[in-house]
1. Roughly how many Å is it from the Cα centre of the stretch A:27-65 to that of the stretch B:1-70, as a whole number?
2. Against the 2.2 N^0.38 Å scaling, with N counting residues, where does the protein assembly as shown land? I'd like the Cα-based Rg ratio to two decimal places.
3. Report, in debye and to the nearest 20, how large the dipole of chain A comes out about its Cα centre when Lys and Arg carry +1 and Asp and Glu carry -1 on their Cβ.
4. Taking the dipole about the Cα centre of chain A, with the C-beta of Lys and Arg at +1 and of Asp and Glu at -1, give me whichever of A:PHE246, A:THR46, A:VAL12 is farthest to the positive side.
5. How large is log10 I(q)/I(0) at q = 0.25 Å⁻¹ when the Debye formula is applied to the Cα atoms of the stretch A:176-263, each weighted equally and without solvent?
6. Grab the DSSP H runs of the protein assembly as shown that are 4 residues or longer, score each as -39,500 (n - 2.57), total them, divide by all residues and round the 222 nm result to the nearest 500 deg cm²/dmol.
7. How tilted is helix A:269-282 with respect to the longest principal axis of chain A? Cα atoms for both, answer in degrees (0 to 90, nearest 10).
8. With Cβ to Cβ distances under 12 Å as the rule, what net charge do the other residues near A:ALA63 carry (K, R +1; D, E -1)?
There are 2 protein chains.
Amino acid sequence: METVGIIGCGLVGQSWAIVFSTAGHPVRIYDNDPGKLLSGTQAILTKMVELETKGALRGTVKADKAFGLIKPAYSIQECVREAAYVQECVFEDFTLKRKVFEEAERYAPDDVMLASSTGNIFASRLSEGLGKKTRIIVAHPLNPPHLVPLVEIIPAPWTDDDVISGARRLLQSVGQEPIVAKKETAGFIICRIQHAITAECFKLIRDEVVSVADLDKLMPHGLGLRYAFLGALETSYLNANGLKHFCSLYGDSIYELQNQSGPPIKLEGATLDIIQQQIEERIPLDKIEERRKWRDERLAELFKLKHK
Amino acid sequence: METVGIIGCGLVGQSWAIVFSTAGHPVRIYDNDPGKLLSGTQAILTKMVELETKGALRGTVKADKAFGLIKPAYSIQECVREAAYVQECVFEDFTLKRKVFEEAERYAPDDVMLASSTGNIFASRLSEGLGKKTRIIVAHPLNPPHLVPLVEIIPAPWTDDDVISGARRLLQSVGQEPIVAKKETAGFIICRIQHAITAECFKLIRDEVVSVADLDKLMPHGLGLRYAFLGALETSYLNANGLKHFCSLYGDSIYELQNQSGPPIKLEGATLDIIQQQIEERIPLDKIEERRKWRDERLAELFKLKHK
């Protein structure tokens, strides 16, 4: 089993450590803050035991065994030097991430795969001019990756083919669902879909078509139930006798809806105030952490349902 | 318990009959094709027994009792004359639906609520000039309503307030999740969100950013898992410390993504060919029904999970 290096021991790094260790991979995890490395490592164990108790721990290795596979590293050098694959999970800051990659590529084996968890920085920017620039990709997860398997792999134009195929294979083998972008475009893939939805929601509130509370029922009691199992395109395919049939029925009105939707909307001002206020009435700011915990518990239940 | 009239005994009508009868409402169901009325009524029983066996039958009334509450009607008059609420579920054709409402309003009690299951015809068009025009609304479900509780209520400008509040209350009492539009706009609410997604998917395929197979993993292994429990706006709210914080971090790039997304796209031509072909390789046209059955089985499992 190849060794995996994880740089950054925050929530994302902890979750990646669960993903790889429960699949049997030795993990070396590093954080530039030794206190965070300690508390983060403890949090990994707590989480794995919790998941195991609920029957929602993935992979083939039990919590205590998996935790034994995770070893703290006290430098980037120590973290990456034996790694076949490195997952960087530091703060979303270009200068910081670039520095991490400069150091990681220096000490990693020549045939390493170096992946960033970034949701918006191109691999070409992170890798440009570096000696191992052909070994660096983006592998952007949704949070937390141990409950939400999707990972989008965004290579740079110069990334070696074997890094793309190797990362896809490795991520698949540990139970993730990698998708691969053929080119670098802003928003990658996930955010383009997610924020097309966000923007349309803002327009519906701005135009006073519906209340915030009612609009936010649309996913969890409607569309989202299907999307838990089906892709957006397949959903339409099944709503008629295939997609050509679907488009012959609804294609014109979908074109019209786009026209009606109008120019881009800025997420600010009175519309943002209204949305923030109305959600805050239901979920006060000091209850967000509790609600996230609830979300992750539901995700764990759904994970079990989908994998039984 | 108020009597409910259902006009149309196809898949949608059958599902509405399950919704109301398992909550204890007497149901009178009508179809202008007597053969379809018979086979449709039998299908209701089969479905209810199946759901009961799986532990996914909703409501408080057992399948055999609920089925006893459903009586065929052999005319629209018979269907609606004792009904407090009527749900029209005939084919998506304006002339046909208008004719149904002309007849239904003639025989229904004065204080009836008359609802259409249409996904795109305004209540104002269906009701204009009719004697009971203030009693007519759209109550558009997602299919099948007995597994997907969302219903969007779209009143006409002249709909009586007590019809809107009464329909919301009744639908809620039988376990649906009604949302109310404050005005009639094309696409209502559901289709505006659903087709913002569809359009962005077409653009991602047209621009060769990703394969169809990878793109359709995005919902069932990623965003859709969250959306099974959380609204789109709440999702963003939880991804930062509230929505204002979220917009301060990502608002500019979401605005940029909308600009980058460019003008409306027609769902036709080479892009449609590619998508149809690639989905068809996975789900041939003659396997669509089987896949729908699979979808509904998964929806029933999720329904159980969400209601336990």
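1. About 49 Å separates the Cα centre of the stretch A:27-65 from the one of the stretch B:1-70.
2. Expressed relative to 2.2 N^0.38 Å, the Cα Rg reads 1.03.
3. Roughly 680 debye, rounded to the nearest 20.
4. Sorting the options by dipole projection puts first A:THR46.
5. For the requested q values the scattering log ratios are -1.33.
6. -16000 deg cm²/dmol
7. 70
8. +2
Bear in mind these aren't lab numbers, they're just calculated from the coordinates by the rules spelled out. The model shown is predicted, which means the values in this text are computed figures rather than measured ones. Cβ atoms come from the backbone with ideal geometry, glycine included; neighbour counts cover every protein chain shown.
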